[in-house]
Amino acid sequence: MSLVTGIGGIFFKSRNPPDLARWYREVLGAELFRTYGGTSAVFRFGVAWLLLVTGGGPTEDKPDITFEMP
């Protein structure tokens with residue numbers, strides 16, 4: 001198995017994710033590709049992809065994992 005040696009990307013924290021998603025569409029012209037449960041979205045932005053993801057607590061299958069901003 002290969003080891004991850006780095007991860008690319010820029011991470012933003014937003015107090016209002018729906019407003020941020022609207023800004024990406026209306027101001028920057030990103031194309032909404034798909035939404036997930038109304039809390040996360042994937043945009044096509046030129047030749048790149050933009051993921052807006054809402055954090056969350058542990059789930060039944062991953063009780064020790066929390067996704068949150070540092």
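The values are calculated or read from the model by the stated rules, or taken from the named source; none is laboratory data. Bear in mind that the values here come from a model prediction, so they are computed numbers and not experimental data. Here Cβ is always computed from backbone atoms with ideal geometry, including for glycine, and neighbour counts include all displayed protein chains. In case anyone asks, the SASA skips ligands and DNA or RNA and just uses the protein heavy atoms, side chains included. Shrake-Rupley method; radii C 1.70, N 1.55, O 1.52, S 1.80 Å.
Return the equivalent ellipsoid semi-axes of the chain as a descending list in whole Å, where each equals the square root of 5 times an eigenvalue of the C-alpha gyration tensor.
Details: eigenvalues 114, 61, 27 Å².
Ellipsoid half-lengths, sorted descending, are 24, 17, 12 Å.
Find out how many positive minus negative residues lie around Gly57, taking Lys and Arg as positive, Asp and Glu as negative, among other residues whose Cβ is under 15 Å from that of Gly57. Each step should come with its number before you reach the end.
Working: positive: Lys62; negative: Glu60, Asp61, Asp64, Glu68.
Net of charged neighbours comes to -3.
Between the helical axis of 17-26 and the dominant principal axis of the chain, each derived from Cα atoms, what acute angle in degrees is found, rounded to the nearest 10?
In the chain, helix 17-26 runs at an angle near 40 degrees to the longest axis.
Return one whole number: the accessible area per residue of the chain in Å², for a 1.4 Å probe.
Working: 6330 Å² over 70 residues.
Dividing the accessible area of the chain by its residue count gives 90 Å².
Which distance in nm do the two modelled labels at Val42 and Leu20 give, with both placed 7 Å along the Cα-to-Cβ direction?
Output for this residue pair reads 1.9 nm.
Which whole-number percent is the relative contact order of the chain (Cα, under 8 Å, 6+ apart)?
Details: 64 pairs, mean separation 12.3, N = 70.
Contact order relative to length: 18 percent.
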